[in-house]
Amino acid sequence: MTDSKTVTKPWGGRFTQATDAFVEAFTASVEFDKRMYQQDIFGSIAHATMLCHVGVLTQPERDSIIQGLQEIELEIEQGQFVWSVSLEDVHMNIEARLTQKIGAAGKKLHTGRSRNDQVATDMRLYLRDEIDEILIQLRRLQSALVTLAEQEVDTILPGCTHLQVAQPISFGHHMLAWFEMLKRDEARLMDCRKRVNVMPLGAAALAGTTYPIDRHFTANLLGFEQVAENSLDAVSDRDFVIEFCFVAAQSMTHLSRWSEELILWVSQQFDFIEMGDSFCTGSSIMPQKKNPDVPELIRGKSGRANGNLITLLTLMKGQPLAYNKDNQEDKEPLFDSVDTLKASFRVFADMMPTIIVKKENMRAAAAKGFSTATDLADYLVKKGTAFRDAHEVVGKAVRYGIDNNKDLSEMTLVEFSQFSSDIDEDVYTVLTLEGSCAARDHFGGTAPSQVRQAIQRAKTYMSMSEEKV
Ligand code: ARG
């Protein structure tokens, strides 16, 4: 509920004229920053507790502030709180309501504090909470991926470069490539969280405050690992927001690429997988259609994540120290990147277990396109031919195969003898899809034995990251 009737401004003392009605609406942020009400209240309770600890507030004042703030939190949660655009933002709305409820003590809450350090604190508390939520969804996705990889270690599909059949690979190996990207996304989020978890409170407007505040005491109450070292930097810096939006854009880029593969794989042309009906939609005109809307939407949403990053970089460029109202524009892009990333990880994690792998189709596609040609070249090298010469020989064999509509594994030894005298009966073991995969038997390779070990490492990694947050 938002009320637009004009109320007395907390900063109204030096003004003789009322704010222009349109300017009031134009400068207000309450419609979107009210999302941080919990963090605002949490921060205010810690601030009041600290002020009492250093003797600026009495204990009864502190207690009445805390009780008032807790009641306000309940009012907001129950939808009874009346938000006022005239009170500009979440901070002044809550403070005004506190004074309305508890009287004089409410007016003392803002002692030794400014909205400048207050909003920077709220943003950091908010983002810290959201990063933890996002990590939960990301880890669900990692685990869904490893489950699928484990089920499909021995399933072979064509590995591609340039979207052309290149070499046969294990489907489990393919899934673990996505797992590696998610590992880096996770590491970036956790690293970003360290720089988010720094407390600006106490910087006040920009220069600090004349009260004997104890910033480390407040930081301890709020769970901040560090206290911002410089008051000017503390109120003006938003690079933690920019950094998160980069991490979100990068993660969304990963999900977008992955989505593109899923979209290709469910197409009639590939027909490698099927996705659960509950994650697809139909067409209002073509009754046969089952469209991969979820991955398409995620591919599309990666655009807004990139946009939010550019918005924030541009917002910050050219701002002199310290706080400027420009910074109020940091919220909507940040909230949007948070919502987008969290929802995308969540829906992907839910969707993964509905994927049905069409092993036969994948295998048939891998068998086409001379995917074991490199294996034949390697075979000749092991028999003493130089790799460049072997490449040439196999190129000729492939040309022959194209002209005669035959895969390498279907050629007879007599046919092979036109290209090289070194090809014997044992060649057929390297020309099979299984033989080709199994031969890439080293750390990071696609041999099923290696993929099984990689799955074990992934599981160990996941059990360790669960302990971290
Ligand atoms: N709503 C403002 C913001 O989001 C709060 C800080 C306002 N500070 C000020 N000096 N006007 O940045």
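Quick rundown of the values:
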read-out	value
Condition check for Leu334: aliphatic (A, V, I, L, M), within 16 Å of the ligand (Cβ to nearest atom), at pLDDT 95 or above and exposed (fewer than 15 other Cβ atoms within 10 Å of the Cβ)	no
Ile66 being β-branched (Val, Ile, Thr), closer than 25 Å to Ser337 by Cβ and away from the ligand (no atom under 16 Å from the Cβ)	no
Positions within segment 186-232 being within 16 Å of the ligand (Cβ to nearest atom) and of a type in the set (D, E, K, R), in sequence order	none
When residues of segment 79-103 are limited to those that are in contact (Cβ under 8 Å) with a residue 24 or more places away in the chain and at positive phi, the one farthest from the ligand (Cβ to nearest atom)	Gly79
Test for Leu145: is it assigned to a helix (DSSP H, G or I), of a type in the set (A, V, I, L, M) and over 20 Å from Ser29 (Cβ atoms)	yes
Some residue of segment 343-359 being over 30 Å from Ala305 (Cα atoms) and in a helix (DSSP H, G or I)	yes
One residue from Phe171, Phe179 being on the phi < 0 side of the Ramachandran plot, in contact with a strand residue (DSSP E or B) (Cβ under 7 Å, 6 or more places away or on another chain) and of a type in the set (Phe, Trp, Tyr)	Phe171
Top-ranked residue of segment 19-29 - restricted to ones that are touching a helix residue (DSSP H, G or I) at 6+ places or on another chain (Cβ under 9 Å) and under 17 Å from Met92 (Cα atoms), ranked as nearest to the ligand (Cβ to nearest atom)	Ser29
Among residues of segment 316-331, those that are in contact (Cβ under 8 Å) with a residue 60 or more places away in the chain and either part of a helix (DSSP H, G or I) or within 11 Å of the ligand (Cβ to nearest atom) (or both), counted	9
Unmet requirement for Gly444, which otherwise passes all of (1) within 18 Å of Asp378 (Cβ to Cβ); (2) touching a helix residue (DSSP H, G or I) at 6+ places or on another chain (Cβ under 6 Å)	(2)
Selected residue (only one of Val82, Val54, Val23 is closer than 18 Å to Tyr211 by Cβ, surrounded by fewer than 18 Cβ atoms within 10 Å (Cβ to Cβ) and among the aliphatic types (A, V, I, L, M))	Val54
Search result, residues across segment 139-175 that are hydrophobic (A, V, I, L, M, F, W, C) and out of contact with any Gly (no Cβ under 7 Å at 6 or more places or on another chain)	Leu141, Ala144, Leu145, Val146, Leu148, Ile156, Leu157, Cys160, Leu163, Phe171, Met175
Matching residues in segment 203-221 - criterion: being under 28 Å from Val247 (Cβ atoms) and over 31 Å from the mean Cα position of the chain (by Cα)	Arg215
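Yes/no per residue for (1) more than 12 Å from the ligand (Cβ to nearest atom); (2) of a type in the set (A, V, I, L, M, F, W, C); (3) surrounded by fewer than 19 Cβ atoms within 10 Å (Cβ to Cβ); (4) under 30 Å from Val357 (Cβ atoms):
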| site | (1), (2), (3), (4) |
| --- | --- |
| Ala105 | yes, yes, no, no |
| Leu109 | yes, yes, no, no |
| Arg115 | no, no, no, no |
| Arg124 | yes, no, no, no |
| Ile131 | yes, yes, no, no |
| Arg139 | yes, no, yes, yes |
| Ser143 | yes, no, yes, yes |
| Thr147 | yes, no, yes, yes |
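Quick grid of which residues meet (1) farther than 21 Å from Pro168 by Cα; (2) surrounded by fewer than 20 Cβ atoms within 10 Å (Cβ to Cβ); (3) among the small types (Gly, Ala, Ser); (4) touching a residue at least 12 places away in the same chain (Cβ under 8 Å):
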site	(1), (2), (3), (4)
Phe348	yes, no, no, yes
Leu376	no, no, no, yes
Thr385	yes, yes, no, yes
His391	no, yes, no, yes
Ala397	no, no, yes, yes
Gly401	no, yes, yes, yes
Glu415	yes, yes, no, yes
Asp422	yes, yes, no, yes
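The values are calculated or read from the model by the stated rules, or taken from the named source; none is laboratory data. Worth saying up front: this structure is predicted, and the values here are computed from it rather than measured. So basically every Cβ, Gly included, is an ideal-geometry build from the backbone, and we count neighbours across all protein chains shown.
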